[in-house]
Amino acid sequence: MAVREFAHSLIYSTETLIFSILALLLLAYYRGFGRTYVKYWLFSLTALAVNQLSLALESTLSQQNIGSLIDTSLALIRQISQYFHFLFLMLGIYSATKKAPINPRVLIIGVLVVITLSCIAVLPYGFDSANVFNRFYLRESLAAFIFGCGFIVAACYLYSSDVEHFSGKILLVYCVLVGIRYLAFSFTSIISLTEDWFRHLTEWLIYVDLGIHTTLGFIILIWMQGAERNIADTAINRAKYLDEHDALTGALNREQVLEKLTHEMQTAGENGDKLCVYLLDLKRFKFVNDTYGLKVGDLILGETARRLTQSLLQPKVVGRLSGDSFMYVINYSTERQQLTAEEHLHALIAHPYQIEQHEVHLQCSIGYCEFPTDADNADELLQKSNLALFQAESLNIRTVKYESGMQSHGRHLMAMEKEIRQAIANEELILHFQPQLNLKQNRLEAAEVLVRWQHPEKGLLAPGQFFADIEALNLFSELDNYVLEKTCQTIEKWYKKYNRRVPLAINITADEFQNSNFIRNIQTLLKKYAIPPIYLELEITENVVITDIELVMKTIIELQNMGIKVSIDDFGTGYSSLAYLRRLPIDKIKIDRSFIQEVASNDSDLTIVKTMIELSHGLGKRVLAEGVETKEQLQLLRNIGCDAVQGYFISKPISEEAFTKYFRRK
Ligand code: C2E
Ligand code: CA
Ligand code: CA
């Protein structure tokens, strides 16, 4: 073997080694971080290593045997590997800039093109030692032309896709230079293949290519380092933003609102300015969610936050406090300005919302108070605006300004607290039961427990008549625990008396469900009353699920492991969706009454209910329809595959005595 061939072989072997090591490095990185583009570059470098290996073998082995089987096989391997190197390099660049994997169809087509091209380049003159020129054109000039064009296209693509990090710019320059190298080679090879200087040129190109490949290795490494830093920066910024802003609307969240308000109060206090703290509540927003879907609801909340933030009065603070209520704070000096602001806010909300193909009209209720007249700390300002808002909503007035008399509501609450605690202690709260009918087996499958207050003076009160006070007093946890214990007692009593257990479903409020003692409480009760867990079901609303999905998921899994079923109540009215629920091991979805009301008369409601049933079944969950009041509704629900129903048509919620008669008759 000549010295020259030996030198070439040495260079190629070294390159093989370097790119194999680099490929291994990328493999380790890909395993660790799993970025798709790294996988493509890993393939590209592996192909390059194979290519250099076949070049090394070619220069060592087959110089004398042009047209032999070995020569042709090596040539084929070289062609395939060089095209693969190029293909995966390009795919990697595309995937890295788009931050997305490549469509598998494109991949398959790419691979087929590579194999076809390689065969066309090698086979026609593969076993014919005479046609040296044609062979060279096919194997070298054609490939160089394709690479040249490809690199130039890649450069244009990189130029237009403005990659943020520095390595993007180097890669662009690299593509331009390499593109020119290949195109120039391709053209000169056709014109001057026989010239002496061309032979010298090819000699030098081996060293040039060595430089090119090494540069590529560096670029890939720098790119990955830059991209990782970019990803980390984006993640940190996003986390910061979410921490400070409401994820749905981009407005400040409750804590941030209070903090900012405190700050603004300080500034205003120092300058002798006055602030006006408005609370807005969108009216009938639940109806919007029911009618147009949750996505539209979310977009409306986002749009509302934007309108408020960008409003002409240059608010000092804008934030979302909860579901559909916002805070809006301005500086003011005259009463006239307050009135202007009120009207401005109503006009902002009344302006039609153009969301997707819907035009949605909304109104809001407003309650407000002033700093420093009404209070001098943020919590109290919020509380007083809230009192005013509450008045506005319950009396159906557009805007209410806080007045000191409103605190009599506070006195009412204080009296109620005593009364409610007494009611619990005296067992004035009693349970009613509403049967749930299994449509597949036509039998009673369970009953929902609904609380009533047997008031000594006012008679039997439904939840709607006293829940507002319980909520305002934060007594739901007490109520839920009371109902839980009463329910367990009842199951035990019926078993002793009638030797029969009926599964009972209990409504659990969000706070209680997330209480850290909740699971332990239930375990204690089950033990105390010797109740098999399958006789207890818990109903939570979808809004519980989205408050803290991880915690809720953990609780549901624990309950499920204990054998207790969980169902989603009032499904379709909240902010969550089946996409959320898919991850949760819930047993049953209870479609809200509002959807059932019109199934028999309204096509779109029927479609919605049908879709809910199909999707739920697809996720392996059972479906119960609430609020079935007529025979047609029942028939329709049975026809579209609903598993169970509950509603006045089957039975209203009834007293314990009536219910025991009911189930003993069934
Ligand atoms: P929910 O869980 O959606 O309960 C169903 C409500 O719909 C009950 O009202 C029931 O009487 C009513 N209903 C049932 N079928 C029909 C029907 O065919 N047509 C109509 N128009 N209404 C029907 P209720 O008993 O007044 O309860 C109202 C809400 O109060 C319940 O809604 C539930 O969220 C809550 N609640 C009731 N009892 C408890 C309890 O013990 N603990 C807790 N945390 N919440 C409870
Ligand atoms: Ca319920
Ligand atoms: Ca319900």
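The values are calculated or read from the model by the stated rules, or taken from the named source; none is laboratory data. Every value quoted in this text rests on a predicted model; they were computed, and no experiment measured them. Here Cβ is always computed from backbone atoms with ideal geometry, including for glycine, and neighbour counts include all displayed protein chains.
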Test: residue in segment 467-486 that is of a type in the set (Asp, Glu) and touching a strand residue (DSSP E or B) at 6+ places or on another chain (Cβ under 9 Å): yes
Test: residue in segment 513-521 that is in contact (Cβ under 8 Å) with a residue 24 or more places away in the chain, within 16 Å of ligand 1 (Cβ to nearest atom) and not in a helix (DSSP H, G or I): yes
Candidate set from segment 630-659 (those that are acidic (Asp, Glu) and away from ligand 1 (no atom under 16 Å from the Cβ)); member that is surrounded by the most Cβ atoms within 10 Å (Cβ to Cβ): Asp643
Residue in segment 163-178 that is of a type in the set (Phe, Trp, Tyr), under 24 Å from Glu15 (Cα atoms), modelled with pLDDT of 90 or more and assigned to a helix (DSSP H, G or I) present: yes
Any hit, segment 637-645, residues being out of contact with any Phe, Trp or Tyr (no Cβ under 6 Å at 6 or more places or on another chain), more than 23 Å from Leu504 (Cβ to Cβ) and of a type in the set (Val, Ile, Thr): yes
Conditions (1) within 12 Å of ligand 1 (Cβ to nearest atom); (2) surrounded by fewer than 17 Cβ atoms within 10 Å (Cβ to Cβ); (3) of a type outside the set (S, T, N, Q); (4) under 27 Å from Gly323 (Cβ atoms): number failed by Gly627: (2)
Any helices (runs of 4 or more DSSP H) falling wholly within segment 593-655 and containing at least 3 residues that are within 16 Å of ligand 2 (Cβ to nearest atom): 593-597
Some residue of segment 383-394 being touching a Gly at 6+ places or on another chain (Cβ under 9 Å), surrounded by 13 or more Cβ atoms within 10 Å (Cβ to Cβ), outside the structural domain of Gly647 (by TED's automatic domain parsing) and farther than 25 Å from Lys274 by Cα: yes
Residues that are modelled with pLDDT under 80, among the hydrophobic types (A, V, I, L, M, F, W, C) and either surrounded by 20 or more Cβ atoms within 10 Å (Cβ to Cβ) or in a helix (DSSP H, G or I) (or both), drawn from segment 52-68: Leu61
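Let's see how each residue does on (1) closer than 30 Å to Thr36 by Cα; (2) modelled with pLDDT under 85; (3) more than 51 Å from the chain's Cα centre (by Cα); (4) part of a loop (DSSP other than H, G, I, E, B):
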residue	(1), (2), (3), (4)
Arg78	yes, no, no, no
Ser81	yes, no, no, no
His85	yes, no, no, no
Ile93	yes, no, no, no
Val106	yes, no, no, no
Val114	yes, no, no, no
Pro124	no, yes, yes, yes
Ala130	no, yes, yes, yes
Phe136	no, yes, yes, no
Residue in segment 554-566 that is within 12 Å of ligand 1 (Cβ to nearest atom), under 15 Å from Ala505 (Cβ atoms), assigned by TED's automatic domain parsing to the domain that holds Ile491 and at pLDDT 95 or above present: no
Qualifying residue in segment 4-26 (condition: at pLDDT below 90 and outside any helix (DSSP H, G or I)): no
Candidates Tyr580, Tyr662, filtered to the one that is aromatic (Phe, Trp, Tyr), away from ligand 1 (no atom under 16 Å from the Cβ) and surrounded by fewer than 21 Cβ atoms within 10 Å (Cβ to Cβ): Tyr580
Qualifying residues in segment 179-191 (those that are among the small types (Gly, Ala, Ser), within 51 Å of the chain's Cα centre (by Cα) and buried (at least 17 other Cβ atoms within 10 Å of the Cβ)) - the one modelled with the highest pLDDT: Gly179
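Yes/no matrix, rows are residues, columns are (1) within 16 Å of ligand 3 (Cβ to nearest atom); (2) buried (at least 18 other Cβ atoms within 10 Å of the Cβ); (3) among the basic types (Lys, Arg); (4) within 20 Å of Gln434 (Cα to Cα):
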position: Tyr498; (1), (2), (3), (4): no, no, no, yes
position: Leu504; (1), (2), (3), (4): yes, yes, no, yes
position: Glu542; (1), (2), (3), (4): yes, yes, no, no
position: Val545; (1), (2), (3), (4): yes, yes, no, no
position: Phe571; (1), (2), (3), (4): yes, yes, no, yes
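For every residue, the table says whether it meets (1) assigned to a strand (DSSP E or B); (2) touching a residue at least 40 places away in the same chain (Cβ under 8 Å); (3) within 19 Å of Glu255 (Cα to Cα); (4) not charged (D, E, K, R).
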{"position": "Phe326", "(1), (2), (3), (4)": "yes, yes, yes, yes"}
{"position": "Val329", "(1), (2), (3), (4)": "yes, yes, yes, yes"}
{"position": "Thr340", "(1), (2), (3), (4)": "no, no, no, yes"}
{"position": "Leu345", "(1), (2), (3), (4)": "no, yes, no, yes"}
{"position": "Leu348", "(1), (2), (3), (4)": "no, yes, no, yes"}
{"position": "Gln354", "(1), (2), (3), (4)": "yes, no, no, yes"}
{"position": "Leu362", "(1), (2), (3), (4)": "no, yes, no, yes"}
{"position": "Leu381", "(1), (2), (3), (4)": "no, yes, yes, yes"}
{"position": "Ala388", "(1), (2), (3), (4)": "no, yes, no, yes"}
Enumeration of residues in segment 610-630 that are more than 20 Å from Thr573 (Cα to Cα) and either within 16 Å of ligand 3 (Cβ to nearest atom) or at pLDDT below 95 (or both): Gly618, Gly620
Candidate set from segment 631-650 (those that are among the β-branched types (Val, Ile, Thr) and more than 13 Å from ligand 3 (Cβ to nearest atom)); member that is farthest from Asn438 (Cα to Cα): Ile640
Residue among Leu559, Leu536, Leu525 that alone is within 16 Å of ligand 2 (Cβ to nearest atom), on the phi < 0 side of the Ramachandran plot and either buried (at least 21 other Cβ atoms within 10 Å of the Cβ) or touching a residue at least 40 places away in the same chain (Cβ under 8 Å) (or both): Leu536
